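Read through the structure below, which is laid out as structure tokens, and then see the notes.
The values are calculated or read from the model by the stated rules, or taken from the named source; none is laboratory data. Quantities reported herein were computed from a predicted structural model and do not represent experimental measurements. Quick reminder, even Gly has a Cβ in these numbers, built from the backbone with ideal geometry, and neighbours come from all protein chains shown. Areas reflect the complete protein model, heavy atoms only, side chains present, ligands, DNA and RNA absent. Shrake-Rupley method; radii C 1.70, N 1.55, O 1.52, S 1.80 Å.
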Amino acid sequence: ELLNTSFGDIITQAEFDWCQYYSPLGWSKRDYLINKGSKQKIVDMVASITKNAGKTMQKNLTTGIFQSTKAGTNDIDGLLTAVVAAGTTACGGLSSSDFSTWAAQRDTATTKLSLAALNNLWRDCSDGPDQPTLCVTTDDILGFFYDISTPLQRYNNDAALKAGFEGVMTFNGVPIYADKNCTANQLFMLNLDHVWFGVHQDCDMYYQEPTTPLDQWGSIGHIHWMGNICCDARRRQGVMTAITS
């Protein structure tokens, strides 16, 4: 028989905007002079300021990942767009109203966490070996998971008899982490093969050397980051949005 030579629409392009974060770091000339008597003091002061700026940048990115509403145009789209939002919400310029497979798996009905509900979401996100690789949730929900998992825990040695489980808790062999920035009542099942940080190679925690402003007696610099969360298969991501117990 004749071979089918028609072109199939197997790839549709999604586009993600460049987003930016920065964190300032600076010190006054007064602080510099106070610490000038010891080279080590100056090093310690600058190291502390730089470390705090790095923590601020980390906090900004984490907040952007889990924010329930996009606070500013320069903020990353985060999991709000890629996973939490209804399928009709555009992600990467595409809406599942136009592409039925361009929607994440959402469980908005389960309020009491159970292994059955977790398994249902797991199956929805999976296709053969293409399965979730990471679960992220709140401290409270991780506690609920601990409670339903405790009766199933088996101890193979004396060290395991310590209070609590050793190491990271897992579901179907995948680690479950708690993040204090995760929105209340939500648990994410993410497949990191299909969702990732797209970062500009020239602005990946780029350190801008401190300069002295004309109208200030001190020095100020910045750490810059430019990128966004990208996703090429929303249907491989999942979220539970209503867990309360």
Q. Once a ≥ b ≥ c are taken as the square roots of the eigenvalues of the Cα gyration tensor of the range 98-141, is the result rounded (a/c under 1.5), prolate (a/b larger than b/c) or oblate (a/b not larger than b/c)?
A. prolate
Q | Potential extension, Glu1-Asn181 segment - 0.36 nm per residue separation minus Cα distance | A | 59.0 nm
Q: Please calculate the 1.4 Å probe accessible area of Val239, with all protein chains present, and give it to the nearest 10 Å².
A: 0 Å²
(Q) Quick check: from the Cα gyration tensor, does the range 48-155 come out rounded (a/c under 1.5), prolate or oblate? (A) oblate
Q: Please work out how much accessible surface His224 shows to a 1.4 Å probe, ignoring ligands, DNA and RNA, in Å² rounded to 10.
A: 50 Å²
(Q) What number results when the radius of gyration of the chain, computed over Cα atoms, is divided by 2.2 N^0.38 Å? (A) 1.30
Q.
Heavy atoms only, 1.4 Å probe, whole protein assembly: order Glu1, Glu15 by accessible area, highest first.
A. Glu1, Glu15
Q: Please arrange Ser96, Ser23 by accessible surface area, largest first, computed with a 1.4 Å probe and ligands excluded.
A: Ser96, Ser23
Q: Would you mind computing, in nm to one decimal, how far apart the modelled labels at Ala242 and Ala109 are, each placed 7 Å from Cα along Cα→Cβ?
A: 0.8 nm
Q. What accessible area, in Å² to the nearest ten, does a 1.4 Å probe give for Lys59?
A. 110 Å²
